[in-house]
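Have a look at the structure below, then the notes.
The values are calculated or read from the model by the stated rules, or taken from the named source; none is laboratory data. None of these values were measured; they are calculated from a predicted model. Here the Cβ positions follow ideal geometry from the backbone for every residue, glycine too, while neighbour counts run over all protein chains shown. Remember, those area values only see protein heavy atoms, side chains included, never the ligands or the DNA or RNA. Shrake-Rupley method; radii C 1.70, N 1.55, O 1.52, S 1.80 Å.
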Amino acid sequence: MKPLLIVFFIIISLFSNSVKAQVSNQISEIDSILDKAFEMRWTDPYETIMLSSKALEMSLSSNYIPGILKSYSFSGVGYENLSMYEEALNNYLTGLRIADSLKLDEEIGYSYNNLANCYINLEKYDIAFDYLKKGLVKAEKVKSDSLLAYIYRNYSLYYRRVKQPEKALPFAKKSLELREKNKDERGIITSMRELLVAYYDLKDYDNADKVLIKLYSIIGNNPKHKLQLARIKRTEGEMLRDKGKYDEALKAFNESAEIFKSIGNLDGLIRLTKLKSELNYLVGKYEQAYKDLLEHNSFVDSLNKIRSLQKISLIETQFKNQELLSKLNVVSEEVQQKNIILIALFIGFLILGVSFYLTSRAYKEKRKLISQISEQNKLLEEDNVNKQKMLSVIGHDLKNPLGSVYSITENLVNNYQSIDKDELNNYLIIVNKAVKNALNLLDNLLIWSMNKMGKLRYNFTNVRIKDVVEKSIDLYMHFVKEKNLNIKADIQDTYVYADSNTLDAIIRNLINNAIKFSEAGGTVQIISETSDNFIKLKFTNNGKGLNEEQIYRILNDEQNFTNPTNKKSSTGLGLQIVKDFIKINKGELFIKSIPNLETEFSITLPKSKNIQ
């Protein structure tokens, strides 16, 4: 019996050491992934989110609490840098709940700091200040210089944003002192730049120049500080501009722009090209100012397109895989428990029978889960096919307006001096129309995707329908004038019970549809009718119209992202949004059409008094 026990304890010891080694290796890998995510938070926030998601999955499987908290924190930073503030807040608040449940005061303090920074960017300064106060209490309680430095830096940012730079300055100095004490090079550069901007806001150029010299000596040619160097160069250019040193200011702006280009930072380039355009206009270089403005608009369009596609991808990734990952985590925990039981009961023949049963059951569960995963993959493949079809149509529709913009701007750049004012005005009108069409399409794409993913939040209330219709008409008035349409709106002063955001999208798309498919010089009518329980809105135009088959396909979800007349440029996405949102608001959609004469889209919505 004694030799058998010795063998048993040797096996347990070897297994324990093996598990510890595996956990240690995984923790090292998680820390390495998170370090990379943190480094890329400004240059590539999308990659930061992807890396943090991977680290979170590994941390959850290893029950590595620091990794879990950092993953939520860094994901939040990535979303915040993509201007996806709701997702950023969700990640910060999730990290706060975990830290609070474990009574981890320092991690709670970091969560308060992240939330404060996010609300500052959202310009919700009262909420931000409340989180800053809470963060300061936690930082002082745990005596963390690192956390205090972050809190002080955000206090400085807060006071600068609320136009009180004299209060910002002491906090910027405190943040810098702590980071110099801890020899935190990255933090020193961040706090010194905050101090630089505080002096600049106070118009204290002498002290700002001193800080600027120190910053350049610290950064040198270190490539890992390129982003900070680009921002510092930009601030230097603004200071030189204010001093009237315009040539030197332009030089600093150009150097900053080159650095932003080298790291692919569109946010920085957008701000720089605007500053350059304004300065060139100020010194009388009108042609260069115009070129800078065109470049600025090009960067804005590129950034909007990238972020729209990234938002769709991130929303799909988060919501489609959430349930599956949860199931995988549960099964992973069960398998780990059963392995421990199998080893612990290794020496008993009776226990071997039990372990065989457990292994058999685990195998069945695994097969069941594999089947579920296979089915889920099929559904995801179908979703991807539909998404590719939709994006293909949208890509085609985006290509036309953007191609027009490109051709016109290229002509303007090459022949600017020979173009007269009237011709230039016509070009700008065409460019404006093309950009508005592209932005309207992207707006519809984003709201459709968020609705499909269950991301939209609804707030039902009493809405004055006349206000919604008039606002939407104003939005498309330039198209009405361009086609010389007569638009008539006879809307009663009544209220419906609806979600105002989705109602706006319904009315906006139906008015856009009526205008788009009307013949030039025709009439668009919008009329409301009231019954006991519902308000009915009719949208009538005198376009080519629809046949019975086309109406059937629209009303029965067979449109498949094609346009109803095959004559006008349209993805059909607007009508899809109308149908989805009408259902959400407990209404109905009706279509009547007399080809080549008149087409009427009508909707019903519940009257406010009948909704409890």
| query | out of contact with any Asp or Glu (no Cβ under 8 Å at 6 or more places or on another chain), buried (at least 19 other Cβ atoms within 10 Å of the Cβ) and at pLDDT below 90 - does that describe any residue in region 86-107? | reply | yes
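Condition first: open to solvent by 50 Å² or more (accessible area, probe 1.4 Å), in a helix (DSSP H, G or I) and not acidic (Asp, Glu). Now tell me which residues in region 234-245 satisfy that. Explain how you work it out, then say what you get.
Restricting attention to region 234-245, the residues satisfying the condition of being open to solvent by 50 Å² or more (accessible area, probe 1.4 Å) are 241-243, 245.
Of the ones still in play, those that are also in a helix (DSSP H, G or I) are 241-242.
Arg241 - this is the single residue of region 234-245 that is open to solvent by 50 Å² or more (accessible area, probe 1.4 Å), in a helix (DSSP H, G or I) and not acidic (Asp, Glu).
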| field | Filtered residues of region 499-556 (kept if open to solvent by 20 Å² or more (accessible area, probe 1.4 Å) and acidic (Asp, Glu)) | value | Asp504, Glu519, Glu529, Asp532, Glu548, Glu549
| Could you say whether any residue in region 457-464 is touching a residue at least 60 places away in the same chain (Cβ under 8 Å), open to solvent by 30 Å² or more (accessible area, probe 1.4 Å), under 21 Å from Lys607 (Cα atoms) and within 29 Å of the chain's Cα centre (by Cα)? | yes
| query | Among the residues of region 89-109, how many are hydroxyl-bearing (Ser, Thr, Tyr) and more than 18 Å from Ile49 (Cβ to Cβ)? | reply | 1
| task | Could you give me the residue pairs with C-beta distances under 7 Å whose first residue belongs to region 588-606 and is farther than 18 Å from Ile491 by Cβ and aliphatic (A, V, I, L, M), whose second residue is part of a strand (DSSP E or B) and open to solvent by less than 80 Å² (accessible area, probe 1.4 Å) wherever it lies, and which are 6+ apart or on separate chains? | result | Leu589/Ile603; Ile591/Phe601
| field | Residue check, Ile189 of a type in the set (Val, Ile, Thr), closer than 21 Å to Ser73 by Cα and open to solvent by less than 70 Å² (accessible area, probe 1.4 Å) | value | no
| Subset tally (residues that are open to solvent by 40 Å² or more (accessible area, probe 1.4 Å) and of a type in the set (A, V, I, L, M, F, W, C)) for region 124-161 | 4
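From Ala498, Ala434, Ala489, Ala438, grab the single residue that is under 30 Å from the mean Cα position of the chain (by Cα), at pLDDT 85 or above and not hydroxyl-bearing (Ser, Thr, Tyr).
Numbers: Ala434 fails: at pLDDT 85 or above; Ala489 fails: under 30 Å from the mean Cα position of the chain (by Cα); Ala438 fails: at pLDDT 85 or above.
When all the criteria are applied, what remains is Ala498.
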| said: Let me confirm something: among Lys163, Lys143, which residue is more than 25 Å from Lys224 (Cβ to Cβ) and over 30 Å from the mean Cα position of the chain (by Cα)? | reply: Lys143
| message | I need every pair where a residue in region 401-416 that is part of a helix (DSSP H, G or I) has its Cβ under 8 Å from the Cβ of a residue that is modelled with pLDDT of 70 or more and of a type in the set (Phe, Trp, Tyr), sequence separation at least 6 or different chains. | response | Ile408/Tyr427; Asn411/Tyr427; Leu412/Tyr290; Leu412/Tyr427; Tyr416/Tyr290
| note | Scanning region 282-297 for residues that are of a type in the set (D, E, K, R) and not in a helix (DSSP H, G or I) gives Lys285
| query | So which residues in region 162-186 are open to solvent by less than 40 Å² (accessible area, probe 1.4 Å) and of a type in the set (Lys, Arg)? | reply | Arg179
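List the helices (runs of 4 or more DSSP H) that sit entirely inside region 33-112 and contain at least 3 residues that are within 21 Å of Ala139 (Cβ to Cβ).
Fully inside region 33-112 and qualifying: 65-81, 85-101.
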